[in-house]
Amino acid sequence: MLIVMTAHASKGEVDSVIRVVESLGFRAHVMPGATRTAIGVTGNQGAVDLSHFENLPGVAEAIRVTKPYKLITLDLRPERTVVDLGGGARIGNGSLAIIAGPCAIENRKQAFAVADVVQRSGAKFFRGGAFKPRTSPYAFAGLGEEGLKILAEIRDQFGLKIVTEALDEGNVELVEKYADMIQIGARNMQNFTLLRRVGRSKMPVLLKRGMAATLEEWLLAAEYVMAEGNYNIVLCERGVRTFAQHTRNTLDLAAVPAVRRISHLPVIVDAAHGTGRNYMVTPLARAGVAVGADGIMIEVHARPDEALSDGAQSLTLDEYEQMVREVSSIHKVIAANGSRF
Ligand code: PEP
Ligand code: MN
């Protein structure tokens, strides 16, 4: 259920609605907006009697939500969510967020070389895995906490915000200690205990689309996180499995406008995992920006041929700099023309 308050509802009136919601054993999610506050109600199994709320002071209307999601929708929050990590690092505010770095943190020297270029490019976010989900149990699985410490040093030295993956519930606390944003990988998009755990975190979440997930499944995964009270979520389209053999995954660019139509959450495009091929990364990053993504994720390595993971889809430092110039120009054109996605 969704309770829409009148434009002039007072805080006291909002609080009394919350009290009634909680007295029924449900949870209230308050979403203040530019013109009115909306309160999403979760925790009810069946339909709630709207008359509990319709006549409370300050309530404009109580609406039964028939869609599978209640919190990620534009019905609850017509304004876009802006995920703000501080220091000017925002996603969803109309700027182009660039999240770049190596697939995995391999050692200090490797990570610092990339961070230096990422920072000089004007990007505000640095990515790098310390816990890596690998298809083979024998492949490099990341440095663990040592990798997180390198990431924290990068934040201190370069002022970049750190985005890194938590592979399981046990990792989340460590990631919270060292990073600024928790990445949930494609393979974990439906790890519901992990989703609930990051839903209880104070840290923003980057939620990748599962490699065979429908739009609805992906949005419901975000709903899991929101239902626990964490509203700072960025969706990341990273390609899905198809019969195509010319790419590692098929980057579903139509997912960007499709998300926009339903949700207030920002959405970014991962052109690295979305293609798996170095020569395709820049063209698809350009396309991601053109289609209206709030940002892009890119893997970068000084020596892709020596990378311990995902070298085939990593840009060199020079290629990365050139890519940033190209996507920035495209973003400027789109912003100048006031495109509405
Ligand atoms: C990654 O970002 O390095 C990664 C493992 O991504 P995905 O979960 O999309 O495969
Ligand atoms: Mn990778």
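The values are calculated or read from the model by the stated rules, or taken from the named source; none is laboratory data. The structure presented is a predicted model; accordingly, all values stated were derived computationally and were not measured. Don't worry about glycine lacking a Cβ; one is built from the backbone with ideal geometry, like all the others, and counts go over all protein chains shown. Just so you know, the surface numbers come from the protein's heavy atoms only, side chains and all, with ligands and any DNA or RNA stripped out. Shrake-Rupley method; radii C 1.70, N 1.55, O 1.52, S 1.80 Å.
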request  = Say whether the condition of being within 15 Å of ligand 2 (Cβ to nearest atom) and at negative phi is met by at least one residue in segment 250-261.
outcome  = yes
ask   = Of the residues PRO133, PRO137, which is open to solvent by 20 Å² or more (accessible area, probe 1.4 Å) and away from ligand 2 (no atom under 16 Å from the Cβ)?
value = PRO137
request  = Go through (1) part of a helix (DSSP H, G or I); (2) open to solvent by 40 Å² or more (accessible area, probe 1.4 Å); (3) away from ligand 2 (no atom under 16 Å from the Cβ); (4) in contact (Cβ under 8 Å) with a residue 24 or more places away in the chain one by one and return the number of the condition SER339 breaks.
outcome  = (1)
request  = Answer yes or no: is there a residue in segment 189-204 that is under 19 Å from ALA271 (Cα atoms) and within 16 Å of ligand 2 (Cβ to nearest atom).
outcome  = yes
ask   = Among the numbered criteria (1) aliphatic (A, V, I, L, M); (2) open to solvent by 40 Å² or more (accessible area, probe 1.4 Å); (3) away from ligand 2 (no atom under 16 Å from the Cβ), which single criterion is violated by LEU148?
value = (2)
Residues satisfying the stated conditions in segment 78-105, i.e. open to solvent by 30 Å² or more (accessible area, probe 1.4 Å) and either within 13 Å of ligand 1 (Cβ to nearest atom) or aliphatic (A, V, I, L, M) (or both) = VAL82, LEU96
message = List the residue pairs whose Cβ atoms are under 7 Å apart, where the first residue sits in segment 178-200 and is under 17 Å from ARG238 (Cβ atoms), the second is of a type in the set (Ser, Thr, Tyr) and within 12 Å of ligand 1 (Cβ to nearest atom), and the two are 6 or more positions apart or on different chains.
response = GLN183/THR164
